[in-house]
Amino acid sequence: MKKIVLGICLLTMTLSLNGCNNKNTIESINLNKQNNNIDVIQKEIENMTLDEKIGQIITVGIDGYTINDKTKELIVDKKVGGIILFKDNINDSNQLLQLINNIKDINSKNIMER
């Protein structure tokens, strides 16, 4: 009887430990996916020029309600990392939507778009 109880206890412990190993496996798979994503990002950063890297850390404001040549230059040539809009850039919701869509359209031509 003692051997049966001992056997059941050992079997339970073994199954419990095996369940823990599966959790660790899932966590290690998730870590591998994160590492692969980091590797892809790291390769993209390594392929960037110094000017592109500098541009990515800069956030700029723009003039007016629409995209002008200066704004296009900032997005296309300087590859700025962000554009901040202020009250002076907003007339109404339709104009704001059009402005944002225009910015996105111009930026979609950049390889580094995110």
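The values are calculated or read from the model by the stated rules, or taken from the named source; none is laboratory data. Everything numeric in this text was worked out from a predicted model, so none of it was measured. Cβ atoms come from the backbone with ideal geometry, glycine included; neighbour counts cover every protein chain shown.
Total residues in the stretch 65-76 satisfying the condition of being within 13 Å of residue 110 (Cβ to Cβ), touching a helix residue (DSSP H, G or I) at 6+ places or on another chain (Cβ under 8 Å) and either surrounded by fewer than 16 Cβ atoms within 10 Å (Cβ to Cβ) or not hydrophobic (A, V, I, L, M, F, W, C) (or both): the figure is 2.
Kindly evaluate residue 79 against the criterion of being part of a loop (DSSP other than H, G, I, E, B), at pLDDT below 95 and loosely packed, with under 11 Cβ neighbours inside 10 Å. Taking the combined requirement at face value, the residue does not satisfy it.
Within the stretch 76-114, which residues are hydrophobic (A, V, I, L, M, F, W, C) and either in contact with a Leu (Cβ under 6 Å, 6 or more places away or on another chain) or under 25 Å from residue 37 (Cα atoms) (or both)? Talk me through it step by step, then tell me what you get.
The first filter runs over the stretch 76-114 and keeps only residues hydrophobic (A, V, I, L, M, F, W, C), leaving 76, 80, 83-86, 90, 96-97, 99-100, 103, 106, 111-112.
Of everything in the stretch 76-114, those that are hydrophobic (A, V, I, L, M, F, W, C) and either in contact with a Leu (Cβ under 6 Å, 6 or more places away or on another chain) or under 25 Å from residue 37 (Cα atoms) (or both) turn out to be 80, 90, 111, 112.
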